[in-house]
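Nothing in this text is a laboratory measurement; each read-out follows from the coordinates by a stated rule. Predicted, not measured: the structure shown is a model, and the values here were computed from it. Methodologically, a virtual Cβ is constructed for each residue, glycine included, from the backbone with ideal geometry; neighbour enumeration extends over all protein chains shown.
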Amino acid sequence: MNLKNIIEPIKHELETFQRLFGKSLKSNVPLIDIITKYILSQKGKKIRPILVILCAKLCGEVNERTYTAATLVEFLHTATLIHDDVVDDAKTRRGLLSVNAKWKNKAAVLIGDFLLSRGLLISLDNNEFEFLKTTSEAVKRMSEGELLQIQKARNFDATEETYFKIIKDKTASLIRTCCRLGALSTTKDENKINNISDFGENLGISFQLRDDLLDYTGRKALLGKSTGNDVKEKKFTLPLIISLNNAPRKKAVEIMKLIKSDSIKKFKSVYEFVNEYGGIEYTVTKIKEYSEIAKTSLKSFNDSQSKKSLLDLVSFISSREN
């Protein structure tokens, strides 16, 4: 299974989106055009616009509203990635220098603000107030999730319940929004819209679980970044939380001391710890669980190429290596 096969039913629609998205990045400020051209050269998977278009096609016929929705979420996603790189002081993004590394933090923050404002204006220019409301709710949740994660990293007191609250807000909320906007662009059927929204929420949870697992098990060559970033930043993700709960108290205390330290060699010990005390195995189980819940949300929809692609996308995301 690969992404090329998954997007085949919307290949032409995705090409149309790419063209429209590129045009909407244009500005009268040369520096903005230089940076946005650089951003476009960082070829990502475009999972979020793919979701918008597939969900739209599942519920009806792709139209101009669909492209507005896809452009809006891609602006929002790109803006958050740039701001995240500033917050994390990341030097690379998809194998290239990050915007903040190439143009410094001030320009990176401002270009992120520019992209976010472009997305909001596209909604207003097209009178898509429901799109704007849904997206604003996602931005609120994403900010709350990130701030809660920062708080828990400082206090070293994350629980499994808190962890799921964080990933639902910081990741699943945007994936949910993609799916919901896609459905809203082609149908008024509340049942379809709600089922698609549930699909997106659970897919987003599975996506973040996989991402957090890969920080322990992924290879640098595949990820384009080193493993162990979450441990370095003292982020308590599910593999570590579960292992701390399962381990003997003495061993858990030792690992906590190591995580709190500035040792540059701590990841190997933490990796062995989460492997030994069931954190990795438990996370794999949860990825499968939320993937199946996501697939169940699509049962009420008639079989189609779009539905098959969405089901395949769940499997692709839950088993991805980068």
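When the helix-only estimate is applied to the chain (DSSP H runs of n ≥ 4, each -39,500 (n - 2.57), divided by the residue count), what is the mean residue ellipticity at 222 nm, nearest 500 deg cm²/dmol?
Details: 17 runs with 243 residues, N = 322.
Calculated at 222 nm, the ellipticity per residue is -24500 deg cm²/dmol.
Neighbour counts of C-beta atoms inside 10 Å place 134, 66, 159 in the sequence 159, 134, 66, starting with the fewest.
Name the shape class, rounded, prolate or oblate, that the alpha-carbon gyration tensor gives for region 87-188, where a ≥ b ≥ c are the square roots of its eigenvalues, rounded holds for a/c under 1.5, and otherwise prolate holds if a/b is larger than b/c and oblate otherwise. Note, shape of region 87-188 comes out oblate.
Let me know the shape class of region 250-322, please: from the alpha-carbon gyration tensor, a ≥ b ≥ c as square roots of the eigenvalues, rounded when a/c is under 1.5, otherwise prolate if a/b is greater than b/c, or oblate.
Details: a/c = 4.67, a/b = 3.07, b/c = 1.52.
Verdict is prolate for region 250-322.
Of the residues 77, 12, the one with the fewest other Cβ atoms within 10 Å heads the list, and the complete ranking is 12, 77.
Farthest toward the positive end of the dipole of the chain, out of 305, 117, 245, is the Cα of 245, where the dipole comes from beta carbon charges about the Cα centre. Rounded to the nearest 0.05, the FRET efficiency derived from the C-beta distance between residue 12 and residue 312 at R0 = 30 Å is 0.95.
If the Kirkwood radius is taken over C-alpha pairs of region 3-319, then at 4 °C and 1.567 mPa s the Stokes-Einstein diffusion coefficient equals 63 µm²/s. Between residue 31 and residue 162, the C-beta separation translates, for a Förster distance of 45 Å, into a calculated FRET efficiency of about 0.65.
Taking 19 Å as the straight-line reach from the Cα of residue 26, the lysines in range (excluding those fewer than 8 positions away in the same chain) are 37, 43.
Between the C-alpha center of region 236-306 and that of region 24-84 there is a gap of 31 Å. Listed cross-link partners 104/152; 4/308; 234/288; 91/165 are compared with a 18 Å cut-off, the Cα-Cα value being larger for 104/152; 234/288; 91/165. Using 0.36 nm per residue and subtracting the Cα-Cα separation, the extra length available between residue 233 and residue 5 on full extension is 78.4 nm.
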